[in-house]
1. Count, please, the residues in the range 519-529 that happen to be touching a Phe, Trp or Tyr at 6+ places or on another chain (Cβ under 7 Å) and over 22 Å from E498 (Cβ atoms).
2. Among the helices (runs of 4 or more DSSP H) contained in the range 67-186, which hold 1 or more residues that are at pLDDT 95 or above, closer than 30 Å to L369 by Cβ and out of contact with any strand residue (DSSP E or B) (no Cβ under 9 Å at 6 or more places or on another chain)?
3. Does I612 satisfy the condition of being under 19 Å from G698 (Cα atoms), among the β-branched types (V, I, T) and touching a residue at least 60 places away in the same chain (Cβ under 8 Å)?
4. For the range 373-391: of the residues being assigned to a loop (DSSP other than H, G, I, E, B) and in contact with a helix residue (DSSP H, G or I) (Cβ under 7 Å, 6 or more places away or on another chain), which is surrounded by the most Cβ atoms within 10 Å (Cβ to Cβ)?
5. Provide a single number: the residues in the range 309-325 that are touching a Pro at 6+ places or on another chain (Cβ under 8 Å) and part of a helix (DSSP H, G or I).
6. Might you let me know whether the range 448-457 holds any residue that is without any contact (Cβ under 8 Å) to a residue 40 or more places away in the chain, more than 16 Å from A216 (Cα to Cα) and of a type outside the set (D, E, K, R)?
7. Specify which of the listed residues (V673, V648) is buried (at least 23 other Cβ atoms within 10 Å of the Cβ) and among the hydrophobic types (A, V, I, L, M, F, W, C).
8. Need pairs with beta-carbon distance below 8 Å; first residue under 14 Å from I168 (Cβ atoms) and within the range 136-150, second polar (S, T, N, Q) and surrounded by 22 or more Cβ atoms within 10 Å (Cβ to Cβ); sequence gap 6+ or separate chains.
Amino acid sequence: MSHSILTAAVFTSLCLTPNTFAALSAPQIVTGINESQRIVLYGNTRPEARAEFDRGAVADSFPLNGMQLLLKRSAEREQAAEALAESLHKAGSPHFHQWLTAEQFAEQFGVALEDIATISAWLRSHGFTVLAPSPSRMTINFSGTARQVREAFGTEIHALDVRGVRHIANMSNPSIPAALAPAIEGVVSLHDFRPRPMAVPKAQYTFTFEGASLQALVPADLATIYHFKSLFSAGITGQGQTIALIEDTDVYDPEDWNTFRTAFGLAKYSGATFTTVHPGGCADPGANGDDFEAILDVEWASAAAPNANLQLISCASTNTVWGALPAVQNLVNQRKVPPIISFSYGYCEVQSGAAFNAALRVAYQQAVLEGVSISVAAGDNGADLCSIGTTDPAQDGVTVNALASTIYDVAVGGTDFGDTYAGTVANYWSNNNSPTYESAFSYVPEIPWDDTCASTLISNYLGYATPYGPNGFCAVAGGYFLGPYAGSGGPSNCATGESLAGIIPPNGPVVGPTPANGTCQGWKKPAWQFVLGNPNDGVRDVPDVSMFAADGIWNHFFVFCNSDPATGVGCVGVPSNWGGGGGTSFATPIVAGMQALVNQVWGGRQGNPAPIYYALANLQYGTQGNKSCESFATGGPSPFCIFNDITVGDNDVPCIGPNNCYAPPGGANTIGVLSLSDNSYQPTYKAGIGWDFATGLGSVNATNLVLNPIWLFGAP
């Protein structure tokens with residue numbers, strides 16, 4: 001919500017009163033239910049629900065388990081929740097840091113019990129099994145059959161075959177009786193498509209850097225480069241703090257965490273614990289194909305906060321709802337909610353659907369009102385997050401991660417180190433490792449993480465004048481360099497409503513529609529997201545900050561221990577034999593760990609850190625930028641800088657098709673580069689002074705962020 005709208009529609013901080021927020025929700029369902037008078041819930045059909053993938057309707061008796069109806073509070077209550085979120089973080093506010101409990105959230109911002117009873121009775125009238133409403137009074141879980149869904153919601157469930165993978169999905173937008181519409185936001189999902197982890201295995205590159213040594217990042221290197229060491233030396237290690245890592249899986253072997261900590265010198269921090277929790281009594285998912293994501297999250301959260309308590313929060317998915325969503329919903333409904341959440345999965349706004357996007361926003365908002373700080377991976381696919389899961393060039397145009405684009409989280413992007421590009425490796429890395437495998441001397445200059453042929457830095461390094469065109473690198477590149485692997489960023493553009501554009505090629509990569517027409521809109525720009533470099537576009541822009549996330553293109557990547565033979569290479573012997581990788585999945589738990597250090601120093605939970613980040617960035621960048629804080633500044637960024645301003649490079653990715661793709665001289669099979677124009681080269685996106693879509697505010701000097709007293713007083 002923009003500052004002007006907030007001021008006009010709600011109240012200024014001077015006239016907010018406890019009664020403003022404490023008013024109870026009034027019933028919104030005021031007429032009888034007439035099944036023939038219906039409202040369509042637009043924006044809730046997967047783009048793959050098309051004839052070319054359709055394999056016919058499932059049987060009427062086909063079970064659909066764990067469906068979720070997202071409820072809707074009144075506009076007045078929604079405005080009050082947004083106003084309270086701002087007031088809780090605002091310097092001088094009478095409500096500053098007066099966090100709610102889950103019970104208080106339900107009382108003040110949950111849907112009226114009378115409406116919940118009416119909706120539950122309607123569901124039961126169609127034969128559904130209805131569970132008790134969530135403690136937040138914002139969701140109702142129910143189960144039934146395909147026939148019951150068709151009769152109640154007016155949509156058929158079909159089997160799909162998408163690139164050889166079987167799925168189920170609703171073939172049209174669901175509808176509900178108009179009388180219920182004031183209190184129902186939507187059905188969270190009626191399909192089994194799922195978000196994906198934001199991690200990329202270390203790739204093998206065949207074209208460059210022959211004979212060059214690799215500088216893999218280990219925890220001690222992280223501590224040196226991003227200035228954690230002085231904090232650790234002062235006892236600021238996350239002691240007494242808890243970080244919740246949201247997953248849809250358990251780890252394969254919890255002992256991997258101990259192996260990682262022992263090898264890298266973290267075991268000396270004896271206060272740390274690691275437990276697995278299935279909140280709200282949800283089903284245990286066990287270790288599944290995403291368990292590599294879970295183990296790297298807990299290991300690298302430990303690297304940034306080595307004495308913190310880690311809780312892996314997981315729930316099993318049903319055939320309609322992804323397990324990580326109820327995991328975070330159930331977590332924030334507990335009596336004792338952890339103060340920090342890390343979330344490292346991705347799902348583009350337009351494909352995830354309006355109801356799923358709204359469900360995330362509601363859960364995150366509740367968390368923030370309870371004082372929780374949320375870090376979310378911005379993504380690993382440049383400015384086209386819908387290309388997640390494919391190794392082919394992007395086809396969707398500019399899209400962002402729905403899990404990161406709300407106004408209630410810190411979106412974490414990715415950087416790489418620029419020493420190999422600049423020919424200065426020896427300035428920053430030792431030829432020998434310490435006993436804990438440390439080799440970094442100091443901060444290492446950074447560039448946006450970008451593995452692809454669309455990167456101007458890679459193209460120039462290899463002698464190409466441009467990445468695009470018949471003589472550009474993308475014209476001759478093959479294999480991995482044509483995939484969309486880069487740190488993600490962009491404007492929120494389809495969080496609500498429905499896109500009507502785009503076609504899914506029957507034999508090509510699965511792509512989603514772009515919001516060229518239809519009713520798509522992005523989440524509104526929050527009042528705090530105004531800083532040098534951030535566009536006046538009216539919508540939420542991501543990322544907010546970035547940290548190292550590369551997987552080896554410039555010879556740097558993360559090391560982690562994963563003993564699952566199905567998803568890892570084991571943890572036997574020295575760490576150079578272990579698995580390696582990159583992605584904003586690594587950067588995100590590091591930022592969450594940094595927040596644990598903040599909370600330890602300043603005595604408690606901080607809620608959404610983003611307003612603080614931008615307040616500090618405005619002081620650092622002003623109206624002209626700060627050359628002493630630039631990543632490639634002589635001698636490195638000034639020791640007083642909080643953000644390392646990354647001004648060289650881009651996170652562009654290769655593309656084909658008609659959506660935001662510049663491909664001179666054209667042609668259906670020409671590899672282009674993602675661009676804001678189809679007719680000229682406007683790469684998405686270049687790094688620049690201050691904030692940019694490639695790296696946000698830049699990477700973070702942990703000591704300067706953690707020790708800044710602004711945390712005590714709040715953002716202005």
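The values are calculated or read from the model by the stated rules, or taken from the named source; none is laboratory data. Here the structure is a predicted model, which means the values were calculated and not measured. Here Cβ is always computed from backbone atoms with ideal geometry, including for glycine, and neighbour counts include all displayed protein chains.
1. 2
2. Per the criteria, 75-89, 102-109, 113-125.
3. It is true that I612 is under 19 Å from G698 (Cα atoms), among the β-branched types (V, I, T) and touching a residue at least 60 places away in the same chain (Cβ under 8 Å).
4. Checking each candidate, the answer is G379.
5. So the count comes out to 1.
6. Looking for residues that are without any contact (Cβ under 8 Å) to a residue 40 or more places away in the chain, more than 16 Å from A216 (Cα to Cα) and of a type outside the set (D, E, K, R), one finds none in the range 448-457, hence no.
7. Going through V673, V648 in turn, the sole match is V673.
8. Pairs found: V149/T155; V149/N170.
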